[in-house]
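Chemist: Below are the structure tokens for one structure; questions will follow.
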Amino acid sequence: MNRTWVIGSIVSALFLAPVSLLTAADPVPEAVVKLKALRQEIEGFGGSGSFRQADNLMKLPPADRQEVLDLLFSTTKGAGISIIRNNIGDGGLTAEGKVWGTDTDGPTATIEPKEGQWSWTGDEAQIWLMKEAAQRGCTRFISAAWSPPAWMKTNNSVINGGNLKKDKYRAYAEYLAEYANGYKKNHGIDIYAVSPQNEPTFSGGYSCCQWSAQDFLELTKNHIIPVWKDKKVAAKYMLGEHMAWDESFAVPSLNDAEACARVDIVAAHGYGWPQGFGVLPTAKAKGKKIWQTEVYNNGDDSNNREGKGTIGNGLYWAEYIHNHMTASDTNAWLYWWLIAKYKFEGCLITVGATPDPSVDPKQAVFTSELITRQTPGRSVDVDIDITNAKRLCLEVDLGDGRFNGDRADWFEPRLVGPKGELKLTDLTWTFANAGWNTPKVNKTVGGEQDIIVNGVKAAYGIGTHAQSLITYDLPPGYTRFKCKAGLDELVLRETDPDASKVKFRVYTRDSTGGEKAKSYIVYPRLWVVGNFSRFVRPGWVRVDATPSPAPGVLVSAYKNPASDDFAVVIINKNDKEQTVAVSLEAATSGPLTPYRTSATESLDKLSPIAFEGGKLTTKLPAQSVTTFVGKAK
């Protein structure tokens, strides 16, 4: 199983594979691009810095911080991300008066902590990220609420569901209007669009609020329309944001003439097995812009799973974007986080302490069998030699390749040796990530409950969720690492019979290493997003192109109607080189410039090539994404 991570700034290509004009005796598959056959407008590609991830980026060393900003937003050095999705802060208060989350993954301050009391501080990191992005050409900023402030809700909490109180609908419409207008007045930021709710069906341990489709109609028709008109809100109004690719929460509003006129964008998330795309018929019939505003970790194929850092993972997302562009007529496509600390899943770049880059299952000093709910004791004993080891890495792997209820615990982990016994939890990890939520000391991940394995409560331990890696630098004087590694008792609540299957691995290193490594990790999925976002800028239009001229080859094309610049994105999913011809139903005014992402290339610019006789015949390397950029006459 490939576990290669791309470390640091733009990875230099081992070689630049040439794009050649071929004279083939045999016919080759051909994609026809029709630059005058216009489809949907493209409003951009993006992601989020919400839930303190922008804060985490701010805390990087200055040089690394600037590199990450360039990697994300620069149209010459990076992916050219053109949209940022923000969290409209809710303050994070629970019914107990506490604030949920951690300093690396938690809520944002609300602009109205008490009714009628306004505050314009507490969101400095998201504001900073937007301003840094704007300097690099990203100026489209959207904001979504995960929850209204606790005082507006039926459960007096921003977590665990609850609803907006019926007598607070007008106050909430005013709240959203003040947010949009206030960010312009107080921070100089134009909010492009505002969504009243992220994932309206979700209830859980982070900010959320539950709505029905009729609730959205009530809010939109009777409160948003008059309040936003009175307050002259310039931001667009976005509605829906179901966690699946589903427009149902916007449909009643779309079918009401007055409410429909107010809805500018119908949004949904791309989560869905096996498919999170397709036509949203009502939104399309009503002429609304359609945005996919969040997706990650979508799919079970182990080669395409998050966190593997492989080109296979990148190709998975390249195809996903292609499908949204061509099968859904999506106007904008967003990944979940742009950056995240201590996480391999859900982000384009991991920021924070860099783990050992060479973790490979073949180098593990301990590997468990597949642990399931049917395994006796649902756990395994771990006892390994750590003599002379200076680094210890604990991994929980998705044992069957599926991300599904994989809560796992390191039960009473300890170091033993001449110095006696030391609880591992008394040390501070140098890196810790989980496939869902964040690892916890002495608590289950997400559940915030005592660690229990097979009915026994741990005196101490680490709760996490696959895919997880936790790294410690070891003190001298210890020769054994001991613990029990098992599924947490909470997995017994899972209703899917195939849920909760993991493998535990332990790695040691004889040096700490990595001190001079960059404090971030770049994944190929950043670059394949960049194959679209760097070149297909807001205001461009998709044009007709043969979607799949050969098995495993996907083609989409776009143009700038103001300048006749165009871009053709070709994905070769195959494990071998593929020859493809591309013909344009228009003349070009110069050569085409290819930019390629592959196992050895990170959106690398290749040599310009002549486009002769209206046709280009090119060899596409195995498992690659190539964007051809040119200008029509």
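Chemist: Relative to the compact-globule scaling 2.2 N^0.38 Å, provide the ratio for the alpha-carbon radius of gyration of the range 447-591.
Modeler: Cα-based Rg divided by the globular estimate yields 1.77.
Chemist: Taking the Cα centre of the range 507-633 as origin, sum charge times position over the Cβ atoms of Lys and Arg (+1) and Asp and Glu (-1), and report the length of that vector in debye to the nearest 20.
Modeler: I would put it at about 200 debye.
Chemist: Just to confirm, what accessible area per residue do you get for the range 569-612 at 1.4 Å probe, in whole Å²?
Modeler: 40
Chemist: Provide Rg and Dmax in Å for the range 28-100, with only Cα atoms included in the calculation.
Modeler: Just the Cα atoms of the range 28-100 yield Rg and Dmax of 19.7, 67 Å.
Chemist: Tell me the trypsin sites (Lys or Arg not before Pro) within the range 176-256 that lie in a loop according to DSSP and have at most 16 other beta-carbon atoms within 10 Å. Let's see the in-between values first.
Modeler: Details: sites: Lys184, Lys185, Lys221, Lys229, Lys231, Lys232, Lys236; in loops: Lys231, Lys232.
For trypsin sites (Lys or Arg not before Pro) across the range 176-256 that sit outside H, G, I, E and B with at most 16 neighbouring Cβ atoms in 10 Å, the list reads Lys231, Lys232.
Chemist: Let's test the formula: R0 of 41 Å, r as the Cβ-Cβ distance of Leu38 and Lys231. What FRET efficiency results, to the nearest 0.05?
Modeler: E between Leu38 and Lys231, to the nearest 0.05, is 0.70.
Chemist: Taking only protein heavy atoms and a 1.4 Å probe, what accessible area per residue, in Å², does the range 419-459 have with all protein chains in place?
Modeler: Values: 1990 Å² over 41 residues.
Here the residues of the range 419-459 average 49 Å² of exposed surface.
Chemist: Can you tell which of Thr444, Ala485, Leu469 lies farthest toward the positive end of the dipole of the range 440-494, using +1 and -1 charges on the Cβ of basic and acidic side chains (Lys, Arg; Asp, Glu)?
Modeler: Most positive-ward Cα: Ala485.
Chemist: Also, quick follow-up: Could you work out the per residue convex hull volume over the alpha carbons of the range 535-630, in cubic angstrom?
Modeler: 95
Chemist: Work the Kirkwood hydrodynamic radius out for the range 444-486: mean of 1/r over every pair of different alpha-carbon atoms, inverted, in Å.
Modeler: Taking every pair of different Cα atoms in the range 444-486, averaging 1/r and inverting gives 12.5 Å.
Chemist: Per residue, how much accessible area does the range 147-231 have with a 1.4 Å probe, in Å²? Don't skip to the answer; put the middle values down first.
Modeler: On the way: 3100 Å² over 85 residues.
For the range 147-231, the per-residue accessible area is 36 Å².
Chemist: For the chain, take every pair of Cα atoms, bin their distances at 10 Å starting from 0, and report each bin as a whole percent.
Modeler: Result returned by the calculation: 3, 16, 25, 25, 19, 9, 3, 0.
Chemist: For all pairs of alpha-carbon atoms in the range 134-206, what percent lies in each bin of width 5 Å, listed from the first bin to the last filled one?
Modeler: The percentages, shortest bin first, are 3, 15, 22, 21, 16, 12, 7, 3, 1.
Chemist: Under the 0.36 nm per residue contour assumption, what length would be gained going from the current alpha-carbon distance of Trp118 and Val28 to full extension? All intermediate terms of the calculation are to be shown ahead of the outcome.
Modeler: Working: separation 90, 0.36 × 90 = 32.40 nm, distance 6.44 nm.
So the chain would gain 26.0 nm between Trp118 and Val28.
Chemist: Where the accessible area of the range 150-251 is counted over protein heavy atoms with a 1.4 Å probe, how much of it, in %, is carbon and sulfur?
Modeler: Here carbon and sulfur together make up 48 percent of the probe-accessible area.
Chemist: Where does the longest stretch of the chain lie that holds no GluC sites (Glu not before Pro) found in a DSSP loop with 15 or fewer other Cβ atoms within 10 Å?
Modeler: Result, exposed sites excluded: 116-368.
Chemist: Need one number: the % of Cα-Cα pairs in the range 233-287 sitting beyond the 13 Å mark.
Modeler: Numbers: 844 of 1485 pairs.
For the range 233-287, the share of Cα pairs beyond 13 Å comes to 57 percent.
Chemist: Could you give the dipole magnitude of the chain about its Cα centre, charging the beta-carbon of Lys and Arg +1 and that of Asp and Glu -1, in debye to the nearest 20?
Modeler: Details: 71 positive and 71 negative charges, 201 e Å.
It works out to roughly 960 debye.
Chemist: Carbon and sulfur: what percent of the range 528-633's accessible surface (1.4 Å probe)? Please report the intermediate quantities before stating the final value.
Modeler: Values: 1710 of 3560 Å².
On the range 528-633, the fraction of accessible area on carbon and sulfur atoms equals 48 percent.
Chemist: Let me ask something else. Amide H neighbours of Glu30 under 5 Å, at least 5 residues apart or on other chains, H built in the peptide plane: list them.
Modeler: Correct list: Ala581.
Chemist: Holding the Cα-Cα limit at 27 Å, pick out from Lys362/Lys605; Lys34/Lys289; Lys36/Lys221; Lys288/Lys615 the pairs that are longer than that.
Modeler: Numbers: Lys362/Lys605 35 Å; Lys34/Lys289 23 Å; Lys36/Lys221 39 Å; Lys288/Lys615 36 Å.
Over 27 Å apart, Cα to Cα: Lys362/Lys605; Lys36/Lys221; Lys288/Lys615.
The values are calculated or read from the model by the stated rules, or taken from the named source; none is laboratory data. On a predicted model such as this, the values are computed, not experimentally measured, just so you know. Heads up, the Cβs are rebuilt from the backbone with ideal geometry, glycines too, and the neighbour counts pull from every protein chain shown. Accessible surface areas use protein heavy atoms only, side chains included; no ligands, DNA or RNA. Shrake-Rupley method; radii C 1.70, N 1.55, O 1.52, S 1.80 Å.
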